[in-house]
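As structure tokens, the structure follows; a few thoughts come after it.
Please treat every number below as a calculation from the coordinates, not as lab data. Bear in mind the structure is a predicted one, so any value in this text is a computation, not a measurement. Virtual Cβ from ideal backbone geometry, glycine too; neighbours counted across all protein chains shown.
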Amino acid sequence: MTDLFSKFDPLIATRENLLSTGVTDPFSLVMERVLSPTEAICNGRETILLGTYNYMGMTFDPDVIEAGKQALDDFGAGTTGSRVLNGTYAGHRAVEEALKEFYGMDHAMVFSTGYQANLGIISTMAGKGDYIVLDIDSHASIWDGCKLGDAEVVPFKHNDIEAMDKRLGRIPEDAGKLVILEGVYSMLGDIAPLKEMIAVAKKHGAMVLVDEAHSMGFMGPNGRGVAEDQGCLEDVDFVIGTFSKSVGTVGGFCVSNHPKFEILRLVCRPYVFTASLPPSVVATAATSIRKLMHGNNKRAHLWGNSKALHKALKAMGFQLGTETPQSAIIAVIMPDLELGAMMWEALLQEGLYVNLARPPATPANMTLLRCSLCAEHTAEQVQTIIGMFERAGTAIGIIG
Amino acid sequence: MDRVAVEAKIASLIEPFNKKNVALSDATTFADDLEFDSLTVMDFVAAIEDEFDIIISMNAQAEIENYGQLVDAVVKLQN
């Protein structure tokens with residue numbers, strides 16, 4: 001009998017190798033208590049959270065919590081049903097209304113996760129004979145959406161406008177074309193030149209989908225994302241986003257001005273064949289989204305945090321994912337997985353949690369310590385974080 | 001371009017990616033013999049696409065495991 005698990009042997013060996021050096025398993029950390037958007041108890045120790053994607057710190061917002069509690073009381077713990085059957089409650093409609101207002105768009109469709117939003121929208125829209133042209137560093141949910149559908153999938157080099165232009169130019173003129181881009185690429189925290197790329201896509205008659213998961217709430221004058229920031233949101237046909245980052249709960253969505261958009265509710269399988277979000281979740285999301293519309297002070301503070309941390313880490317000699325701070329993500333490039341895991345553990349012992357990211361999630365087989373800042377990090381906390389990086393980096397020998 | 005000409009062109013394009021100078025035959029595989037990782041595949045495919053002005057979609061790439069299959073695919077795609 002062939003053991004179906006034998007294909008995982010190389011990964012099992014890598015993992016055993018890493019753990020045999022004595023480092024704590026970076027992928028099985030437990031948050032024993034969560035004190036605030038920026039602090040938790042891990043291994044009995046108070047830990048500053050610097051790897052949560054909780055950009056706007058909405059998880060403990062009193063209005064958000066209150067809305068969730070009220071919905072639990074009024075509507076119960078779950079819907080036990082699909083959005084198209086018994087699973088659309090007043091709250092699901094209300095959060096879609098909030099999204100339409102937030103983006104100034106005609107249609108909004110809420111999914112149970114951001115992953116499912118990409119899976120559903122991409123696989124349903126781009127069918128047999130259509131072409132998807134996408135950035136090679138796209139998120140797993142985008143790739144899986146491509147895999148679930150029947151379209152021809154054509155990747156191009158990361159943020160390479162010319163490579164994208166050439167590929168679009170070779171596609172048969174009458175074929176349906178969908179260009180998929182992200183506002184912020186979450187591994188290195190770099191942004192896309194959306195304005196230029198969308199202009200090229202439109203020149204070739206393609207529809208454009210932009211995943212703004214890591215920019216919603218923070219980038220752009222109204223927090224609508226990188227496309228808004230670059231003044232090209234009106235040229236984006238579909239914006240994909242999530243509730244599990246700035247919004248502070250869980251869920252995913254697509255907003256659009258396409259006149260036929262609503263038909264997707266009947267044909268999109270990851271929307272139809274799964275249970276809808278619990279009433280408490282959509283209530284917290286709707287409240288949070290409405291508060292994010294007025295989050296200018298928090299946005300400004302978050303930018304300040306990102307700039308301060310980027311500048312300090314760069315000055316210490318760490319190799320960073322971007323030359324300049326471009327988002328609320330700062331990726332610290334580690335020499336290899338073993339040193340990355342050691343550095344991760346040293347930071348944890350200092351009382352700091354960051355994400356350890358490794359291939360295949362990372363581009364170019366890099367090992368990254370990925371930091372995501374929060375608008376609720378105080379300037380003092382950022383200084384504390386900088387001190388932790390300096391001590392850990394010196395102890396491990398990553399900085400001189 | 002006929003198969004011989006296409007093969008000659010691809011042979012020259014593959015050189016910078018064939019770091020260990022593996023001898024090429026139609027049966028040479030990209031993953032095992034040439035040890036191409038996903039990044040190398042992307043750069044190599046882009047070089048071929050630009051040279052022949054074609055698209056080799058991921059769907060088409062999934063069917064291509066060895067050198068001979070690549071040459072055949074390019075011959076077909078350029079028509």
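Assorted remarks:
- Gaussian network model of chain A, Cα within-10 Å springs - most flexible of A:ARG167, A:ARG15, A:ARG265: A:ARG15
- In plain terms, the residue of A:ILE65, B:ILE55, A:ILE289 with the fewest other Cβ atoms within 10 Å comes first and the most crowded comes last, giving A:ILE65, B:ILE55, A:ILE289.
- Within chain B, all pairs of alpha-carbon atoms sorted by distance into 5 Å bins from zero give the percentages 3, 15, 31, 31, 17, 4, 0.
- Dmax and Rg, reported as Rg then Dmax, of chain A (C-alpha, Å): 21.4, 62
- Tail beyond 24 Å, pair distance distribution of region A:262-400 (Cα, percent): 46 percent
- Ordering A:THR394, A:THR242, A:THR21 by the number of other Cβ atoms within 10 Å of each residue's own Cβ, fewest first, gives A:THR21, A:THR394, A:THR242.
- Residues B:ASP26, A:ASP190, A:ASP160 arranged by fewest to most Cβ contacts within 10 Å: B:ASP26, A:ASP160, A:ASP190
- Per-residue HN-Hα couplings for region B:48-54 [Karplus 6.51, -1.76, 1.60; θ = phi - 60°; Hz; x = Gly/Pro]: 5, 4, 5, 5, 9, 6, 10
- Chain A: most fluctuating residue of A:PRO359, A:PRO270, A:PRO259 per GNM, C-alpha cutoff 10 Å: A:PRO259
- In plain terms, if you count all Cα to Cα distances in region A:61-292 and split them into 5 Å steps from zero, the share in each step is 1, 7, 15, 19, 20, 16, 11, 6, 3, 1, 0, 0 percent.
- FRET E, pair A:ALA13, A:LEU85, Förster distance 35 Å, beta-carbon r, rounded to 0.05: 0.15
- Using 0.36 nm per residue and subtracting the Cα-Cα separation, the extra length available between A:ILE161 and A:SER28 on full extension is 44.0 nm.
- Euclidean distance of C-alpha centroids, region A:211-258 and region A:143-182, integer Å: 21 Å
- The H on the amide N of A:GLY51, modeled in the peptide plane, is under 5 Å from the matching H of A:SER372, each at least 5 residues off or on a different chain.
- Residue with peak Gaussian network fluctuation, chain A [Cα springs, cutoff 10 Å], from A:ALA331, A:ALA213, A:ALA361: A:ALA361
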